[in-house]
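Input: a single structure, listed below in structure tokens.
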Amino acid sequence: MSITRTTKGYTIRWYDRDGRERQRTYKGVDRQEAAQLERKILAERDRGEAQPDERQAPTFGALADQWIEENRPRWKPSTRSNYEQLLTSHLRPAFGDTKITNVTDASARQLVTKLHDAGLGARRINLTIIVLKMVTRSGRRFLREDPLAGVKMLREPATEIDPLTPDEVDAFLAACPKHWRPYFTAAFYTGARPGELIALKWGDVDANAGRFRIRAARYRGVEGTPKTPGSVRDVDMLPPVVDALRVQKAQQAGVRLRRGQETPDPEHDYVFTGRLGGPVATPHIRGRVWAPTLKRAGLRQRAAYQTRHTFASNALAAGENPTWVSAMLGHKSAEMLFEVYARWIPNRTRRDGSAMLARMIGDTGEIRADVRSAGLERR
């Protein structure tokens with residue numbers, strides 16, 4: 001039995017129960033970790049446990065290809081695209097040619113440090129490690145244990161809520177290019193996600209009922225189902241949205257007339273399109289419209305997703321029923337609203353008890369009869 005230093009880790013040699021000498025090399029581990037692995041191997045040998053045949057273990061890259069293919073039918077196109085991007089950008093360069101038996105918690109932690117130093121946020125790093133774990137665990141028949149069980153996720157910062165005030169919404173829409181004003185009006189007054197709005201079709205708009213139905217979302221040019229099953233929903237159109245869609249309809253008709261275009265088939269008849277009448281992508285809206293408009297309006301820069309937070313925060317601050325707000329956003333329940341917006345809402349509402357006193361006492365300073373009858377008199 002011995003532990004030998006290699007250029008990238010340590011090699012452990014031992015004799016199995018039949019007296020045959022075996023060895024296993026671990027990359028990215030230190031001496032202490034190698035000693036722990038040796039003790040574990042010997043304990044398993046003494047218990048008579050069969051050792052996985054590591055000679056048959058695939059590389060991480062080959063296993064990732066198999067994992068993608070096996071799970072593809074169960075994923076949304078956006079999910080698959082996201083996973084493949086993480087594999088291409090971060091995981092294949094780090095582990096592509098490495099046997100999964102040599103993917104260790106030490107090498108995973110080194111990747112976390114590398115991504116952090118490169119400027120990636122905690123959320124992106126955590127998703128990368130989650131994919132790494134899922135791929136590695138899919139090859140568990142070649143592993144004696146989960147080698148990444150000890151790798152912890154980074155703490156992610158709380159959701160940043162930086163909505164626009166009503167005056168800022170007015171300033172933004174005034175500075176917004178005419179072509180894009182209907183889109184942002186709908187975004188501010190419905191709270192729909194950007195990917196949901198650019199996938200909205202005219203066939204999903206019920207002008208008579210004053211609502212539209214969200215049943216799809218676009219991500220990186222690929223259309224699929226919305227984020228969650230609860231995201232398939234009917235959204236009430238407030239008067240500004242009704243007016244905005246009327247303007248949008250007229251704008252599209254003018255563009256098609258000038259370009260000699262026919263009305264697309266129902267599955268491609270999008271409500272919000274580019275200046276030339278084609279589908280739009282959220283990166284274009286963020287970079288070419290949202291950010292420049294904030295600058296022209298004299299407003300501080302923030303993420304375009306704040307349109308959703310703007311709707312939720314202003315609706316709740318105005319006293320709208322949380323159940324209605326939650327339904328508009330496509331949340332499963334109103335509980336999430338209070339978790340996300342609780343710290344912001346008090347900044348837009350009274351915190352001195354005056355609202356409660358107005359209800360309980362009224363303008364005259366006398367306790368209302370219905371409050372007195374309930375036994376809630378001042379003492």
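Descriptive notes on the structure:
- Residue in the range 157-170 that is of a type outside the set (Ser, Thr, Tyr), over 30 Å from Asp236 (Cβ atoms) and touching a residue at least 24 places away in the same chain (Cβ under 8 Å) present: yes
- Within the range 135-156, the only residue that satisfies the criterion of being under 24 Å from the mean Cα position of the chain (by Cα), surrounded by fewer than 17 Cβ atoms within 10 Å (Cβ to Cβ) and in a helix (DSSP H, G or I) is Arg137.
- Lone qualifier among Gly278, Gly274, Gly287 - being under 20 Å from Lys178 (Cα atoms), without any contact (Cβ under 8 Å) to a residue 24 or more places away in the chain, assigned to a helix (DSSP H, G or I) and in the same structural domain as Tyr219 (by TED's automatic domain parsing): Gly287
- Checked against the criterion of being within 18 Å of the chain's Cα centre (by Cα) and modelled with pLDDT of 95 or more, the candidates Leu173, Leu197 yield just one match: Leu197.
- Residue-level check: of (1) outside the structural domain of Phe311 (by TED's automatic domain parsing); (2) in a helix (DSSP H, G or I); (3) within 21 Å of Phe311 (Cα to Cα); (4) not charged (D, E, K, R), Thr159 misses just (2).
- For the range 226-256, the set of residues classified as of a type in the set (S, T, N, Q) and either at pLDDT 95 or above or under 22 Å from Pro279 (Cβ atoms) (or both) consists of Ser231, Gln248, Gln251, Gln252, listed by residue number.
- Residue in the range 166-184 that is under 30 Å from Met134 (Cα atoms) and not hydroxyl-bearing (Ser, Thr, Tyr) present: no
- Residue list for the range 290-310, restricted to those being assigned to a loop (DSSP other than H, G, I, E, B) and either in contact with an Asp or Glu (Cβ under 6 Å, 6 or more places away or on another chain) or among the β-branched types (Val, Ile, Thr) (or both): Leu299, Arg302
- Of all residues making up the range 208-253, the number that are assigned to a strand (DSSP E or B) and within 17 Å of Asp269 (Cβ to Cβ): 6
For (1) farther than 30 Å from Thr225 by Cβ; (2) among the acidic types (Asp, Glu); (3) at pLDDT 90 or above, each residue gets a yes or a no:
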position	(1), (2), (3)
Thr7	yes, no, no
Gly19	yes, no, no
Asp65	no, yes, yes
Asn71	no, no, yes
Gly96	yes, no, yes
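- Restricting attention to the range 91-134 and to residues that are outside any helix (DSSP H, G or I) and hydrophobic (A, V, I, L, M, F, W, C), the residue that is surrounded by the most Cβ atoms within 10 Å (Cβ to Cβ) turns out to be Val103.
- Of the helices (runs of 4 or more DSSP H) lying entirely inside the range 1-90, the ones with 1 or more residues being out of contact with any strand residue (DSSP E or B) (no Cβ under 8 Å at 6 or more places or on another chain) and among the basic types (Lys, Arg) are found at 31-46, 77-86.
- In the range 162-200, the residues that are assigned to a loop (DSSP other than H, G, I, E, B) and touching a Gly at 6+ places or on another chain (Cβ under 9 Å): Gly191, Ala192, Arg193, Ala199
Rundown of residues vs (1) under 30 Å from Gln56 (Cα atoms); (2) of a type in the set (Gly, Ala, Ser), yes/no style:
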residue	(1), (2)
Gly121	no, yes
Leu132	yes, no
Arg140	yes, no
Arg144	yes, no
Leu154	no, no
Thr159	no, no
Pro163	no, no
Pro166	no, no
His179	no, no
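- Of all residues making up the range 70-120, the number that are over 21 Å from the mean Cα position of the chain (by Cα) and in contact (Cβ under 8 Å) with a residue 40 or more places away in the chain: 14
- Among the residues listed as Pro226, Pro182, the single one being crowded, with 20+ Cβ neighbours inside 10 Å and closer than 22 Å to Met336 by Cβ: Pro226
The values are calculated or read from the model by the stated rules, or taken from the named source; none is laboratory data. Please read all numbers here as calculations on a predicted model, not as lab measurements. As a convention, Cβ positions derive from the backbone with ideal geometry for all residues, glycine included, and neighbour counts pool all protein chains shown.
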